[in-house]
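Below: one structure, written as structure tokens.
The values are calculated or read from the model by the stated rules, or taken from the named source; none is laboratory data. What you see is a predicted model; the values in this text were computed from it and never measured. Cβ sites come from the backbone with ideal geometry, for glycine too, and all protein chains shown count toward neighbours. Heavy atoms of the whole protein, side chains included, go into the accessibility calculation; ligands, DNA and RNA do not. Shrake-Rupley method; radii C 1.70, N 1.55, O 1.52, S 1.80 Å.
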Amino acid sequence: MRFLSAVAFAFVLILVSCACKKSTKKTETPVTPIPPITTPLTSDVSFWLTKGDKSVLLQKQNVALNFSNTNNSNITIEVDANQVYQTIDGFGYTLTGGSATLMNSLGATEKDALIKELFSTEEGAIGVSYLRVSIGASDLSANVFTYNERPAGQTDVNQDNFSIAAEMTDLVPILKKILALNPNIKILGSPWTAPTWMKTNNAYKGGSLKPEYYQSYAKYFVKYIQAMKAQGITIDAITIQNEPLHPGNTPSMYMEAPDQALFIKSALGPAFQVAGLSTKIIVYDHNADKPEYPMTILADPAANQYVDGSAFHLYGGNISALTTVHNAYPNKNVYFTEQWVGGPGNFAEDLKWHVSTLIVGATRNWSRNVLEWNLAADANYNPHTPDGGCTTCLGAITIAPAVTRNVAYYVIAHASKFVRPGSARIGSTLNNTLANVAFKTPDGKKALIVMNTSSTDQTFNIKDNGKIVTTTLPAGAAGTYVW
């Protein structure tokens with residue numbers, strides 16, 4: 001019996017040993033894990049964030065922001081849809097001739113992808129809705145030109161030789177691609193100079209428009225609008241002169257307020273009327289330190305009747321000047337048409353200033369749009385005109401030839417992606433450290449843009465219809481909240 005037991009015991013050991021070996025082999029076989037069951041995050045409010053340190057760039061945050069009746073002691077921004085202000089036309093950039101050239105230099109696939117990213121309203125795009133273009137060359141064109149230059153001593157009062165041929169290589173093709181994606185985009189045209197034969201100094205830089213050419217120059221504008229229309233491009237508005245009090249750019253032209261008023265009432269307004277043009281006439285187009293310039297024109301009833309509104313830059317003065325002009329002439333519109341970022345720039349400080357002063361500040365002061373200068377440049381801030389062109393203008397994008405997105409891209413995107421044309425600015429509580437502005441969009445949503453201008457994270461409430469949602473915005477960060 002002992003012998004049998006020993007044999008049996010040995011047999012059991014062999015079985016166990018085999019079983020162990022088989023078990024070891026099994027554990028070495030890779031096993032696909034079963035993914036955990038996740039519940040989709042539900043949130044009343046979508047929150048998009050950009051941080052000043054660039055660690056987060058226009059990213060939708062995966063946080064639950066739900067309205068409730070719970071009260072707390074946080075700072076509160078109350079949104080009031082019963083307070084309705086101006087309608088928004090759009091947010092965007094100046095598409096300079098140089099910008100168009102750089103964009104057009106990209107390969108077909110890259111070009112189409114970039115234009116889609118900038119101008120489409122799809123998920124991954126920023127929905128730029130307003131553009132400014134130069135009528136002739138700006139200082140960010142590769143060379144100077146107008147649409148009707150004549151040999152020395154010659155004139156063309158009837159504008160028989162007018163031609164936009166110089167725009168057919170880059171600007172017009174790029175605009176056509178943009179319009180194919182966004183046919184309703186608004187386009188503003190601004191001249192840097194009249195043809196040199198019309199000017200007191202016969203030069204691209206400086207000088208003034210001679211009064212004897214007012215009628216001819218009005219015809220120049222009419223022909224421009226008609227020529228662009230023939231290409232399928234509608235010019236929604238024009239300004240009469242970019243920075244009329246700054247004759248130092250190449251090109252440029254000096255024009256005082258009484259002269260601009262005289263040009264409008266005696267030539268441009270009647271010419272538009274005769275031609276049946278609905279293109280808006282916008283005055284001034286210069287710094288906020290001279291609100292008396294547009295008000296001088298608007299005070300002239302003969303000029304006023306043709307004017308849609310006034311345009312501003314902010315290289316001087318205070319953004320509140322827009323409200324000064326609005327309050328004096330509340331039936332006239334206000335626009336913000338240019339602000340640069342000086343290269344190489346400081347992303348954190350530029351984000352803070354541009355969002356708080358322009359996206360928030362200009363719209364809180366009645367502006368129907370906000371435009372950054374300019375859309376694109378290369379790594380060396382080219383192209384620009386020699387002897388008076390901007391040599392350090394940082395584009396919203398750099399094309400070198402790879403595309404880099406700079407601070408103005410995100411400044412505009414925080415508004416353009418969410419505040420579509422036709423939105424109305426509505427009431428929201430002012431705050432010293434949380435600069436903010438609110439809008440009601442055409443699809444019935446509300447959008448609140450907030451810039452934390454302080455050096456500490458800010459936890460605050462958004463209050464709407466008696467309910468609150470609590471959120472935290474990091475120091476120096478911009479946030480757009482949509483619900």
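Before we move on, is S320 closer than 19 Å to M451 by Cβ, of a type in the set (S, T, Y) and within 19 Å of the chain's Cα centre (by Cα)?
No: the conditions fail for S320.
Given the conditions (1) in a loop (DSSP other than H, G, I, E, B); (2) touching a strand residue (DSSP E or B) at 6+ places or on another chain (Cβ under 8 Å); (3) open to solvent by less than 10 Å² (accessible area, probe 1.4 Å), which single one is not true for R132?
(1)
Can you name the residue in segment 147-163 that is closer than 15 Å to W192 by Cα and in contact (Cβ under 8 Å) with a residue 60 or more places away in the chain and is also surrounded by the fewest Cβ atoms within 10 Å (Cβ to Cβ) among such residues?
Looking at the filtered set, the residue picked out is Y147.
Please enumerate the residues belonging to segment 270-308 that are of a type in the set (F, W, Y) and either out of contact with any Pro (no Cβ under 6 Å at 6 or more places or on another chain) or part of a loop (DSSP other than H, G, I, E, B) (or both).
F272, Y293, Y306
For the list (1) in a helix (DSSP H, G or I); (2) open to solvent by 10 Å² or more (accessible area, probe 1.4 Å); (3) under 24 Å from F91 (Cβ atoms), I need the number of the one condition that Q215 fails.
For Q215, the failing item is (3).
Which of the residues spanning segment 419-458 are surrounded by fewer than 21 Cβ atoms within 10 Å (Cβ to Cβ), closer than 26 Å to G52 by Cα and small (G, A, S)?
Answer for segment 419-458, where residues must be surrounded by fewer than 21 Cβ atoms within 10 Å (Cβ to Cβ), closer than 26 Å to G52 by Cα and small (G, A, S): S454, S455.
Considering only segment 61-94, how many residues are in a strand (DSSP E or B) and either surrounded by 13 or more Cβ atoms within 10 Å (Cβ to Cβ) or among the polar types (S, T, N, Q) (or both)?
18
Could you check E122 against (1) assigned to a loop (DSSP other than H, G, I, E, B); (2) more than 18 Å from A415 (Cβ to Cβ) and say which number it fails?
(2)
Of the conditions (1) farther than 19 Å from I240 by Cα; (2) without any contact (Cβ under 8 Å) to a residue 60 or more places away in the chain; (3) surrounded by fewer than 18 Cβ atoms within 10 Å (Cβ to Cβ), A299 fails just one. Which one is it?
(1)
Every residue, every condition in (1) assigned to a strand (DSSP E or B); (2) within 22 Å of the chain's Cα centre (by Cα), yes or no:
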{"residue": "N432", "(1), (2)": "no, no"}
{"residue": "F439", "(1), (2)": "yes, yes"}
{"residue": "P442", "(1), (2)": "no, yes"}
{"residue": "S455", "(1), (2)": "no, no"}
{"residue": "N461", "(1), (2)": "yes, no"}
{"residue": "G479", "(1), (2)": "yes, yes"}
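May I ask you to list pairs of residues, at least six apart or on different chains, whose Cβ atoms are under 7 Å apart, with the first in segment 190-208 being crowded, with 21+ Cβ neighbours inside 10 Å and the second being modelled with pLDDT under 95?
Every condition considered, the pairs that remain are K205/G388.
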